[in-house]
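*Asks:* Here's a structure for you.
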Amino acid sequence: MSDEFEHKIETKADTIADAGSVTSGSTAGIDYVPAHERPDQELYHSHSWWTTYVFSQDAKYIGIQYALTAIGTGLIGLVLSWMMRLQLAFPGLGILEPSSYYQFITMHGMIMVIYLLTALFLGGFGNLLIPLMCGARDMAFPYVNMISYWAFLLAVIILLASFFVPGGPTGAGWTLYPPQAITSGTPGSSAGIVLMLISLCVFVAGFTMGGLNYIITMLQSRARGMTLMRLPLTCWGIFTATVLALLAFPALLVGCIMMTLDSLLGTSFFMPAMISMGEHLSYDGGSPLLFQHLFWFFGHPEVYIIALPAFGIISDLISVHARKNIFGYRMMVWAIVGIGALSFFVWAHHMYVSGMTPWFGYFFATTTLIIAVPTAIKVYNWVLTLWRGNIQLTLPMLFSLAFIVTFVNGGLTGIFLGNVTVDVPLSDTYFVVAHFHMVMGIAPILVVFGAIYHWFPLITGRMLNEGMGRIHFWITFLGSYAIYFPMHYQGFVGVPRRYFEIYDSPYIATSTLHLNVFITIAALIVGAAQLVFLFNLIYSARAGEKSEKNPWKANSLEWLTPEMPPGHGNFGKELPVVYRWAYDFNVPGADKDYIPQTVPPSEVRSAKVEKT
Amino acid sequence: MDQAALKKLPRGWKSIPSDLGSDQTAFKGVNWGKGMMWIFLLSDTFIFSCFLLSYMTGRGSTVQPWPNPSEVFALDAFGVPVPLLLIAIMTFVLITSSGTMAMAVKYGYEKNKKLCGIFLLLTALGGLTFVGMQAFEWSKLIHEGVRPWENPFGAPQFGSFFFMITGFHGTHVSIGVIFLFIFTRKVFRGDFDSGRKGYFTSMKSNYVAIEILGLYWHFVDLVWVFIFAFFYLW
């Protein structure tokens, strides 16, 4: 930035300050920040234990409630995956019935995608971090925010209740494709599927209440001086993901309502005329393809609803722990927004083998490959942020590095699957399983772990145990590769996914099936390593090493609260005033290697900061 | 932000970079609830769009002929079947209630408690009439043998989409009517003048709330126009 330009800005600020009379004294010019636009937020003040910790209207508590519920549900998903892996490795033991295998696949997928990752990133980290990072006292509508959590909990309860109804949970696969989802022969085709659909509707309703809050808080409730382009990238990721969710969940909601009616009232929205068990069903003239369109119009943005908050969080972790400003901040923001917009135009790449016209497929292959461009920009920028940075190999940094590697790995296989001609032979093989677990399972989960190690002191005031953390990291990271690398190979040689048992087949070399044993052992070890993590969470919350304030020497507002953990209303009497972006690390000429967002320019005159 | 400060801000196209580049708020002087309602309505638009697009797809994919809406929705007036008579009245009532809602918003901002309350009540009654006529229409069709899963006129999807889409819209209207009655009471009790705090939310009442409810109400009316066009006229 040229000196001339800086001079212009300063003189402009001077004139505004003189006319506006907010600040006075010799520093008024360079420290000018616009006056308050609105009166301070009125908060709900809790009176009892119940309204403080249970029916809490404080976004921080709601975030923790969301996170704990999501992690608890996720553990069920983990146990389900163990059972499936045992069945695949040792089919002779008869661990699972074929029907339970399908039910476990379905529940594992739905739990991990929606009830763990979506709820954790948006409900958990969103609630915890948005008000703190924006410099707000709370979400705009704390009461609505509270209802959002209770709706989520209700959705989880309805989902888990389907384990206990006659016929058990649905076994239709997480995509719930009709007509098989509600036709006899599919496990849980009567009660299980209906509970799943109702649970999803409740989830969407609850999420909408939360999502509106996240958006309006970020747009309309920022601190003085906090422009959109000074927000940490975590906020940008969660913000864009929330917009995606508010526009994509409607398709899921409509699909769920219509399939519920098909199932309960006998309408034929998705159901063609069928013969089942030798009898003509009463259905007639519906379009199964319509459900696929509705589902994937939700389903593909859903991938980015999970990925974008992960992108944002990882950018912040890398910058803080490499003590370097994020490379190309504006490009990062535009990449997030661009990926979000493009994600609405790629949905049918999940439907290459559904019988669409191939020309349609080529359109979606093109858009799919275009989306790789902003994604690649992000990866390059992370690497360039690390380049010549002062890399601290802390736990959040380890997880961040693991994320980049895993994400690149999953992204590359995505290029294979995005092309129609390559996708068709690979469809429904373990290659697909390996791809999406790498890119939207392991990669975001690594971010979740990194984020928890990073923000745990903010929540509890204590650090997580480093030793246990490193054991957890290495087993999880290397173990995930042990699980999913062989699956790529299995996919290439044609092992189909969703098969309960692979029998002796002339088309599949039995040697590849021995890999299943190896994968299962790796999966069991990785799963067990999560117990170390859980123990670490509980142990450190009670007896961990006390954290100093701002333990990672970060710049963003969540670490700059008067108390840590932040109290009711977050920022004490006076809301913070922001003078810079969140990435002023190792600024030439500054005394310390970081300049928090609230430090006015007059205090760091010698530092050559970037104008933000 | 007070009015004087708002007037100084750039207008037209220039306001976009200026507002988005500014601190604190992206939409200057816009109440939080109002912003939130707009975003909600955007999301709700996607819901209704999905419903209507599904309806178009379903109408295209069904193998049986689609019933003629002019005949199905005709009503006998003095022995002559008039096509879409009831729907025309329903639409008229609903659009009129949008007008009374706009009046209520205007008198709300003028702090004219009495007229604001009266117009809110009129809007609520308009909505109630609409829902009542819809219930009549439903029962009439049910008497004629139209069911979600079958109907005597042709494609079974006709009844499915009809009950689902008008039902979903009717639910929106009903929720609006409930809130209109609650707000009428709040206006007459003087909550918006005294800034009485909400029972659950402990937020102060403000006349902006009437405009926010108005946004919702106009949206519901607008959606009806699309349902009317795509379902009854096509």
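Residues are listed down the side, and each one gets a yes or a no for (1) part of a helix (DSSP H, G or I); (2) more than 8 Å from chain B (Cβ to nearest Cβ); (3) surrounded by 24 or more Cβ atoms within 10 Å (Cβ to Cβ):
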residue	(1), (2), (3)
A:PRO169	no, yes, yes
A:PRO187	no, yes, no
A:CYS201	yes, yes, no
A:VAL204	yes, yes, yes
A:LEU212	yes, no, yes
A:PHE239	yes, yes, yes
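*Asks:* Among the listed residues A:LEU289, A:LEU219, A:LEU253, identify the single one that is without any contact (Cβ under 8 Å) to a residue 24 or more places away in the chain and within 31 Å of the chain's Cα centre (by Cα). Explain how you work it out, then say what you get.
*Replies:* Details: A:LEU289 fails: without any contact (Cβ under 8 Å) to a residue 24 or more places away in the chain; A:LEU253 fails: without any contact (Cβ under 8 Å) to a residue 24 or more places away in the chain.
After ruling out the rest, the residue left standing is A:LEU219.
*Asks:* Could you grab me the full set of residues in segment B:135-148 that are crowded, with 18+ Cβ neighbours inside 10 Å and either within 15 Å of A:MET258 (Cβ to Cβ) or at pLDDT 95 or above (or both)?
*Replies:* B:PRO148
*Asks:* Still on this structure, I have one more. Determine which member of the set A:ILE158, A:ILE130 is over 30 Å from B:LYS204 (Cα atoms) and in a helix (DSSP H, G or I).
*Replies:* Values: A:ILE130 fails: over 30 Å from B:LYS204 (Cα atoms).
A:ILE158 is the lone residue from the list that is over 30 Å from B:LYS204 (Cα atoms) and in a helix (DSSP H, G or I).
*Asks:* Which members of segment A:567-582 meet the condition of being within 27 Å of the chain's Cα centre (by Cα) and without any contact (Cβ under 8 Å) to a residue 40 or more places away in the chain?
*Replies:* Scanning segment A:567-582 gives a single hit, A:GLY567.
*Asks:* Which of the residues belonging to segment A:268-284 are surrounded by fewer than 19 Cβ atoms within 10 Å (Cβ to Cβ) and free of Cβ contacts under 8 Å to residues at least 40 places away in the same chain? Walk me through how you get there before you give the answer.
*Replies:* Going through segment A:268-284, the residues surrounded by fewer than 19 Cβ atoms within 10 Å (Cβ to Cβ) turn out to be A:272-282.
Once the filter is applied, which keeps residues that are surrounded by fewer than 19 Cβ atoms within 10 Å (Cβ to Cβ) and free of Cβ contacts under 8 Å to residues at least 40 places away in the same chain, segment A:268-284 yields A:ALA273, A:ILE275, A:GLY278, A:GLU279, A:HIS280, A:SER282.
*Asks:* Looking only at segment B:113-122, decide whether some residue is touching a residue at least 60 places away in the same chain (Cβ under 8 Å), assigned to a loop (DSSP other than H, G, I, E, B) and surrounded by 15 or more Cβ atoms within 10 Å (Cβ to Cβ).
*Replies:* no
*Asks:* Name, by its number, the condition in (1) surrounded by fewer than 21 Cβ atoms within 10 Å (Cβ to Cβ); (2) in a helix (DSSP H, G or I) that does not hold for B:SER97.
*Replies:* Here B:SER97 clears every test but (1).
A quick yes/no check of all residues on (1) within 11 Å of chain B (Cβ to nearest Cβ); (2) part of a loop (DSSP other than H, G, I, E, B); (3) of a type in the set (Lys, Arg):
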{"site": "A:ARG222", "(1), (2), (3)": "yes, yes, yes"}
{"site": "A:CYS235", "(1), (2), (3)": "no, no, no"}
{"site": "A:ALA251", "(1), (2), (3)": "yes, no, no"}
{"site": "A:SER263", "(1), (2), (3)": "no, no, no"}
{"site": "A:SER268", "(1), (2), (3)": "yes, yes, no"}
{"site": "A:LEU289", "(1), (2), (3)": "yes, no, no"}
{"site": "A:ALA307", "(1), (2), (3)": "no, no, no"}
{"site": "A:LEU317", "(1), (2), (3)": "no, no, no"}
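*Asks:* Within segment A:431-446, is even one residue over 22 Å from the mean Cα position of the chain (by Cα) and either touching a residue at least 40 places away in the same chain (Cβ under 8 Å) or not in a helix (DSSP H, G or I) (or both)?
*Replies:* Step one: of segment A:431-446, the residues over 22 Å from the mean Cα position of the chain (by Cα) are A:431.
Going one step further and asking which of them are either touching a residue at least 40 places away in the same chain (Cβ under 8 Å) or not in a helix (DSSP H, G or I) (or both), we end up with A:431.
Yes, segment A:431-446 has at least one match.
*Asks:* Let me spell it out: the conditions are (1) under 18 Å from A:ASP138 (Cα atoms); (2) more than 8 Å from chain B (Cβ to nearest Cβ); (3) within 18 Å of the chain's Cα centre (by Cα), and A:THR208 meets all of them except one. Which number is the exception?
*Replies:* (2)
*Asks:* Quick check, is A:THR561 in contact (Cβ under 8 Å) with a residue 24 or more places away in the chain and β-branched (Val, Ile, Thr)?
*Replies:* Values: in contact (Cβ under 8 Å) with a residue 24 or more places away in the chain: yes; β-branched (Val, Ile, Thr): yes.
So A:THR561 fits the description; yes.
*Asks:* For segment A:562-577, how many residues are at pLDDT 90 or above, buried (at least 19 other Cβ atoms within 10 Å of the Cβ) and touching a helix residue (DSSP H, G or I) at 6+ places or on another chain (Cβ under 7 Å)?
*Replies:* Residues meeting the conditions: 3.
*Asks:* Within segment B:1-37, work out how many residues are more than 7 Å from chain A (Cβ to nearest Cβ) and either more than 16 Å from A:THR217 (Cβ to Cβ) or surrounded by fewer than 16 Cβ atoms within 10 Å (Cβ to Cβ) (or both).
*Replies:* The number of residues fulfilling the criteria is 20.
*Asks:* Also, I was wondering about something else. Between a residue in segment B:28-56 that is under 16 Å from B:THR166 (Cβ atoms) and any residue that is buried (at least 17 other Cβ atoms within 10 Å of the Cβ) and of a type in the set (Gly, Ala, Ser), which pairs come within a Cβ distance under 6 Å, given they are 6 or more apart or on different chains?
*Replies:* That search, which allows pairs on different chains as well, returns B:CYS50/A:ALA251.
*Asks:* For segment B:72-85, indicate whether the set of residues that are touching a residue at least 60 places away in the same chain (Cβ under 8 Å) and assigned to a helix (DSSP H, G or I) is non-empty.
*Replies:* Scanning segment B:72-85 turns up at least one residue that is touching a residue at least 60 places away in the same chain (Cβ under 8 Å) and assigned to a helix (DSSP H, G or I).
*Asks:* Which one of these is free of Cβ contacts under 8 Å to residues at least 12 places away in the same chain and either farther than 15 Å from A:LEU395 by Cα or of a type in the set (Phe, Trp, Tyr) (or both): A:ILE538, A:ILE483, A:ILE459, A:ILE508?
*Replies:* Values: A:ILE483 fails: free of Cβ contacts under 8 Å to residues at least 12 places away in the same chain; A:ILE459 fails: free of Cβ contacts under 8 Å to residues at least 12 places away in the same chain; A:ILE508 fails: free of Cβ contacts under 8 Å to residues at least 12 places away in the same chain.
Residue meeting the stated conditions: A:ILE538.
*Asks:* Do we find a residue being more than 9 Å from chain A (Cβ to nearest Cβ), closer than 30 Å to A:GLN220 by Cα and within 21 Å of the chain's Cα centre (by Cα) anywhere in segment B:39-55?
*Replies:* yes
*Asks:* Would it be correct to say that B:GLY58 is at the interface with another protein chain (Cβ under 7 Å from one of its Cβ atoms) and out of contact with any Leu (no Cβ under 6 Å at 6 or more places or on another chain)? Give the steps one after another, and end with the answer.
*Replies:* Details: at the interface with another protein chain (Cβ under 7 Å from one of its Cβ atoms): yes; out of contact with any Leu (no Cβ under 6 Å at 6 or more places or on another chain): yes.
Judged against the criteria, B:GLY58 is a match.
*Asks:* Moving to a separate point now. Only one of these conditions is not met by B:PHE92: (1) part of a helix (DSSP H, G or I); (2) in contact with a strand residue (DSSP E or B) (Cβ under 9 Å, 6 or more places away or on another chain); (3) under 29 Å from B:THR123 (Cα atoms). Which number is it?
*Replies:* (2)
*Asks:* If you check A:ILE216 against the conditions, is it more than 9 Å from chain B (Cβ to nearest Cβ), among the β-branched types (Val, Ile, Thr) and either out of contact with any Lys or Arg (no Cβ under 9 Å at 6 or more places or on another chain) or not in a loop (DSSP other than H, G, I, E, B) (or both)? Reasoning before the result, please.
*Replies:* Working: more than 9 Å from chain B (Cβ to nearest Cβ): no; among the β-branched types (Val, Ile, Thr): yes; either out of contact with any Lys or Arg (no Cβ under 9 Å at 6 or more places or on another chain) or not in a loop (DSSP other than H, G, I, E, B) (or both): yes.
Taking the combined requirement at face value, the residue does not satisfy it.
*Asks:* Next question. Take the residues in segment A:498-541 that are among the aromatic types (Phe, Trp, Tyr) and under 17 Å from A:ILE95 (Cα atoms); name whichever of them is farthest from the chain's Cα centre (by Cα).
*Replies:* From segment A:498-541, those among the aromatic types (Phe, Trp, Tyr) are A:499-500, A:503, A:507, A:518, A:533, A:535, A:539; that's our starting set.
When the remaining residues are screened for being under 17 Å from A:ILE95 (Cα atoms), the result is A:499-500, A:503.
Working: A:TYR499: 29, A:PHE500: 30, A:TYR503: 37 Å.
The qualifying residue farthest from the chain's Cα centre (by Cα) is A:TYR503.
*Asks:* State whether one or more residues within segment A:86-99 are hydroxyl-bearing (Ser, Thr, Tyr) and at pLDDT below 95. Give the derivation first.
*Replies:* Residues of segment A:86-99 hydroxyl-bearing (Ser, Thr, Tyr): A:99.
Right, trim to at pLDDT below 95 and you get A:99.
Looking through segment A:86-99, at least one residue is hydroxyl-bearing (Ser, Thr, Tyr) and at pLDDT below 95.
*Asks:* How many residues, within segment A:37-64, are closer than 14 Å to A:PRO142 by Cα, part of a loop (DSSP other than H, G, I, E, B) and out of contact with any Pro (no Cβ under 6 Å at 6 or more places or on another chain)?
*Replies:* 8
The values are calculated or read from the model by the stated rules, or taken from the named source; none is laboratory data. Nothing here was measured: the structure is a model prediction, and the numbers come from that model. Every residue, glycine among them, receives a Cβ derived from its backbone with ideal geometry; neighbour counts consider all protein chains shown.
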